[in-house]
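**Q** This structure is in structure tokens; I'll ask about it shortly.
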């Protein structure tokens, strides 16, 4: 196999495992939700914890979540961060399909239009931008700049959220969570490179594995805080959009990834990314607000004339 063939195979592998990660994430959310609402008595507190831990369905949902993490790690090892993280947006589209087929929710045409737009925009971005290159070992100086910069942004957004109204709190905390997940992806890629070079035993002699644990915990806390502060239609678009947007910047700075340097091509890629973001927003605004089977789809917001 030539070097170009090996690079192409790795690129395809990154895409395949990124899509598998998106699928596992979507399945995990729906399975865990169905498990937590399956008991007609709806237990709370300790009884809910005991019920969930004894539920094969709930445990299967967490198994899917573990599978999502493994698939994302493999995707980040073989593929570019600037490809893998945007591809995870497909989770929303897969969730929409599962909600229609599995839960039998009524999904309106506007939500499906948003899903198609998100997929089309994502495809245009990846094909036009054609991310390439990359190096496995960022320098300590590059890491210092990224970690300091991201932590500063996360802290500022969190402090602003504390002094803001409910809607802005949700938006600011969701943005902070998006930045955290982008940084987490960079940690995961570096961790998988350490594992490839030194094996599992050597993995724990390098700092990225511990950064993955800290970053994952911080991301979960920030995301949960955002979800508790505001409706899903506010938090979901920011969670989904900020992550790949920041990830593209980190991929260039840390891992030396680059794009086709052509004004027309980059313009097409930027338009594709914007269309993807618009599709995500449309899906978030018009999909059913919960995962309950009897919930009708959300009506798209109307523009008041005059």
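**Q** Can you tell me which residues in the stretch 124-173 are more than 19 Å from residue 252 (Cα to Cα) and loosely packed, with under 14 Cβ neighbours inside 10 Å?
**A** 152, 155, 156, 159, 162, 163, 165, 166, 167
**Q** A further question follows. State which residue is surrounded by the fewest Cβ atoms within 10 Å (Cβ to Cβ) when the search covers only the stretch 230-257 and only residues that are outside any helix (DSSP H, G or I) and at pLDDT 90 or above.
**A** Among those residues, the one meeting the criterion is 256.
**Q** Over 16 Å from residue 281 (Cα atoms) and within 20 Å of the chain's Cα centre (by Cα): which single residue out of 191, 162 fits that description?
**A** 191
**Q** Return yes when residue 209 is within 27 Å of residue 14 (Cβ to Cβ), crowded, with 16+ Cβ neighbours inside 10 Å and without any contact (Cβ under 8 Å) to a residue 24 or more places away in the chain and no when it is not.
**A** Against the criterion (within 27 Å of residue 14 (Cβ to Cβ), crowded, with 16+ Cβ neighbours inside 10 Å and without any contact (Cβ under 8 Å) to a residue 24 or more places away in the chain), residue 209 qualifies.
**Q** Just one of the numbered conditions (1) surrounded by fewer than 13 Cβ atoms within 10 Å (Cβ to Cβ); (2) part of a helix (DSSP H, G or I); (3) at pLDDT below 85 is not true of residue 1; which one?
**A** (2)
**Q** Here is a further query. Suppose the filter is crowded, with 16+ Cβ neighbours inside 10 Å and modelled with pLDDT of 90 or more; does residue 227 pass it?
**A** no
**Q** Take residue 10 and decide whether it is in contact with a helix residue (DSSP H, G or I) (Cβ under 9 Å, 6 or more places away or on another chain), in a helix (DSSP H, G or I), modelled with pLDDT of 90 or more and within 28 Å of residue 246 (Cβ to Cβ).
**A** It is false that residue 10 is in contact with a helix residue (DSSP H, G or I) (Cβ under 9 Å, 6 or more places away or on another chain), in a helix (DSSP H, G or I), modelled with pLDDT of 90 or more and within 28 Å of residue 246 (Cβ to Cβ).
**Q** Six or more apart or on different chains, Cβ atoms under 7 Å: show the pairs whose first residue is in the stretch 73-87 and modelled with pLDDT under 95 and whose second is assigned to a loop (DSSP other than H, G, I, E, B) and crowded, with 23+ Cβ neighbours inside 10 Å.
**A** Within 7 Å, the pairs are 80/131; 82/131; 83/131.
**Q** Same structure, new question: If you take the residues of the stretch 23-52 that are over 21 Å from the mean Cα position of the chain (by Cα) and at pLDDT 70 or above, which of them is farthest from residue 292 (Cα to Cα)?
**A** 35
**Q** Scan the stretch 98-120 for residues that are modelled with pLDDT of 95 or more and within 23 Å of residue 71 (Cβ to Cβ) and jot them down.
**A** 115, 118, 119
The values are calculated or read from the model by the stated rules, or taken from the named source; none is laboratory data. This structure is a prediction, so every number in the text was calculated from the model and none was measured. Heads up, the Cβs are rebuilt from the backbone with ideal geometry, glycines too, and the neighbour counts pull from every protein chain shown.
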